[in-house]
1. Among the residues of the stretch B:48-66, which ones are within 17 Å of B:Lys151 (Cβ to Cβ), part of a helix (DSSP H, G or I) and without any contact (Cβ under 8 Å) to a residue 60 or more places away in the chain?
2. Residue by residue through the stretch B:9-48, note down the ones that are more than 26 Å from the chain's Cα centre (by Cα), over 22 Å from B:Leu127 (Cβ atoms) and not polar (S, T, N, Q).
3. Which count do you get for residues in the stretch A:189-211 that are over 27 Å from A:Asn312 (Cα atoms) and away from chain B (no Cβ under 13 Å)?
4. Answer yes or no: is there a residue in the stretch A:356-376 that is at pLDDT 95 or above, β-branched (Val, Ile, Thr) and in a loop (DSSP other than H, G, I, E, B).
5. For residues that are in a loop (DSSP other than H, G, I, E, B) and assigned by TED's automatic domain parsing to the domain that holds B:Ala14, scanning just the stretch B:391-424, find the one that is nearest to A:Ile242 (Cα to Cα).
6. Looking only at the stretch A:93-145, count every residue that is among the acidic types (Asp, Glu) and outside the structural domain of A:Ala35 (by TED's automatic domain parsing) and tell me the total.
7. Looking at the stretch A:203-243, which of its residues are over 24 Å from A:Asp278 (Cβ atoms), open to solvent by 40 Å² or more (accessible area, probe 1.4 Å) and not basic (Lys, Arg)?
8. From the list A:Gly377, A:Gly383, A:Gly393, A:Gly361, which residue is open to solvent by 10 Å² or more (accessible area, probe 1.4 Å) and either among the hydrophobic types (A, V, I, L, M, F, W, C) or at the interface with chain B (Cβ under 7 Å from one of its Cβ atoms) (or both)?
Number of protein chains: 2
Amino acid sequence: MNIQIEARNMKLAAPKLANTSIEQRNKALLMIADALENSKDKIFAANDEDMEAAAGEGLAMSIQKRLKFNEAKLADAISGIKQLVDLPDPTGRVLLKRELDEGLVLTRVSVPIGVIGVIFEARPDALVQIASLCIKSGNCAILKGGKETAKTNRVLFDIIKSSVIEAGLPKECLLQAQLHNEIDELLACDKDVDLLIPRGSNKFVRYIMEHTKIPVMGHSSGICHIYVDDKADTDAAIPVIIDAKTQYPAACNAVETILVNRKIADSFLPKLANAFKDNNVKMRGSSEVCNMLKGSFEVEVMEDDDFATEYNDYIVSIKLVDDVVEAADHINRFGSHHTDSILTTDDSASEYFTKMVDSAGVYVNCSTRFADGYRYGFGAEVGISTGKLHARGPVGLEGLVTYKYKLIGSGHIVGDYAGGLRSFHHKDLDF
Amino acid sequence: MNIQIEARNMKLAAPKLANTSIEQRNKALLMIADALENSKDKIFAANDEDMEAAAGEGLAMSIQKRLKFNEAKLADAISGIKQLVDLPDPTGRVLLKRELDEGLVLTRVSVPIGVIGVIFEARPDALVQIASLCIKSGNCAILKGGKETAKTNRVLFDIIKSSVIEAGLPKECLLQAQLHNEIDELLACDKDVDLLIPRGSNKFVRYIMEHTKIPVMGHSSGICHIYVDDKADTDAAIPVIIDAKTQYPAACNAVETILVNRKIADSFLPKLANAFKDNNVKMRGSSEVCNMLKGSFEVEVMEDDDFATEYNDYIVSIKLVDDVVEAADHINRFGSHHTDSILTTDDSASEYFTKMVDSAGVYVNCSTRFADGYRYGFGAEVGISTGKLHARGPVGLEGLVTYKYKLIGSGHIVGDYAGGLRSFHHKDLDF
């Protein structure tokens, strides 16, 4: 398979998919759901092969768990598709309607982006979810999943693709890349691929960002912070911090650094350290923090530059700050603009924090782990973006559309306006 | 000056500017307007020097005209600033408000992008307009203008910057790059510059796009088309085509290729050729077009690949197609996704065209030259984007903002939801 030729054909077919009706796209989704249900044996058999290979290679149990595709995960995937069917069409929405002059009407209408490349971690449910989101939003997609679930992915993709064709969508609308070298071929398709969404490790995402001219949506690192203000309810603070650190440490929205207001450090730090110890979280901290906890707790000393570290593990950085101003400054310097939270009962501190912290998510009195498309009520997400262009934060269907301007006239020419014969009146119309 | 250090400082100061009130930003704009008015002599003196140098170097008169900054242009610039003051604040707008669960409220609010780099052609009014748009939208800006107006730019920039500081905005919010090698330094600031907007020649914009990891908004080429359908009002078609080609041939929204339905070619082509001849437009065409016009008109024959050409001049490409389907296909293959127009009285043809042509602007019965922020009623534009991410088409204030998510809780943790103790109810709230 030559990815560049396939991508070119896909690009030229993209307007056809973009202009299918939402009924057709929903029908395709329902046919996928049925086909998955009817092909479970085949899917589970392929997944067993992937699981055996993973066990043979001695992959960590936490990773093996992620590769597994069983009855429960299939049921979740199918229910996810059905929820997606119920969501409104993100395309074809009129966003602006304006009469520029008598008989000259401008309309801005949402349309699919076109061709989207998604490179994702080895997790079979990700393939189903991403393909479904792209179909719902009328986008053609090139999918490349992690190699550890290659066999499961192939079976799932074939089921999805034949359902989609059977439902009458253009045959070019989905493509699976299976070889690792095809990733580099895909990165070179900047003429035909409109958007790349890489998911996976920090290093992998950074590689993608650095080796393509295609716009990339996503995040390489998730260095999230919690700042415990001097006006925080310190009892309520502990469970929020422990949730943010330990509920799923490998997630990008897990907290990595705790900033504590110096005024409450004496009383709060030992409580915090106890909670971390109880939850098997290894502590690292500034020399000031180390000195305060010395004797009672094990804390590894760290340098300033080290605070830009994402652990994705049961490890945490701790530092003291003077106030919310210093906290926000630290976060803007060392963070990754993903999600940061302040714990406080002081409205002026939380207002300062949410205004001045330059991140996709700025939280007050809750865990950073809420940064997620499902929890935000977006139905599902293709990823979380720390960039500021297009979509920011968790990206659902809305992030998979752009818009075009339609201008309808009757022989209107610019010369008449430049020459003063006519003038614009810019009257917004109802829609 | 070290651009990287300055960009870093600007990035860290960006939240301060972002959180100034709209009253403060409007006040700064009005102070700029006054200061420009009060400094005309200084501005015109600097411009005279630039103009003399341009004449000395024998620059084309059309370019010299663009460099000129006189009473009329100053008045336009000042009136543009005042119009901008009257526009609503694009930041701080609530875009979504949703109760995820009891006491856990998510708000999406528009915020400035942060640090924007704009590299623009030698045109003094561009500097005033771009700086004003960035201030209005709360964005820090690094500005680099064309060298042919270096002296005028320096004077204008100093006036703007001191007004802005006097109005109480952060001193880091504006920076002028003056040396050509500073462009490359700017391109390397991907950690601190959130968005680059390059304007100028095709080649220059492509250079920028290929040499930076900063997201770029803009367009390298503007290969716009007009398709004359067999159901077109052919008398009305001629002035639209002539307007699109000749009203300002150097603009990106000028038409480059005319596609004519084969069924009307016999009668329409000679009329079209006559009009082009009368307007001193040089014709190039497929061999079919050349054969049909042979004897009566001079038409240079061109190959298929040659249709992806932007002339920016009194030159046009002409080709025959079977129908709107072939026209849309040609445009999607050879165009630059900028602005394309169909001339027809057939609603089904215009509907097909506006749906299937994958461009920022899809027009019916009007000139491609309408693609412009001012004509769309956006107040002003920073540029026109042919990309599909973030803003598309003419980009005004709205394209200079992003959003952040605020989530306010009272000790909410994800573990409670994962464990089934609580569940989301996703209730949209009024705002």
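The values are calculated or read from the model by the stated rules, or taken from the named source; none is laboratory data. Note that the structure is predicted; figures quoted are calculated from it, not measured. Heads up, the Cβs are rebuilt from the backbone with ideal geometry, glycines too, and the neighbour counts pull from every protein chain shown. Note: areas computed on protein heavy atoms with side chains; ligands, DNA, RNA excluded. Shrake-Rupley method; radii C 1.70, N 1.55, O 1.52, S 1.80 Å.
1. B:Asp48, B:Met51, B:Glu52, B:Ala55, B:Gly56, B:Gln64, B:Arg66
2. B:Leu12, B:Lys16, B:Glu23
3. Residues that pass the stated criteria total 1.
4. Looking through the stretch A:356-376, at least one residue is at pLDDT 95 or above, β-branched (Val, Ile, Thr) and in a loop (DSSP other than H, G, I, E, B).
5. B:Ala391
6. Within the stretch A:93-145, residues that are among the acidic types (Asp, Glu) and outside the structural domain of A:Ala35 (by TED's automatic domain parsing) number 3.
7. Within the stretch A:203-243, A:Phe204, A:Tyr207, A:Met209, A:Glu210, A:His211, A:Pro215, A:Val216, A:Asp230 qualify.
8. From the options A:Gly377, A:Gly383, A:Gly393, A:Gly361, the qualifying one is A:Gly377.
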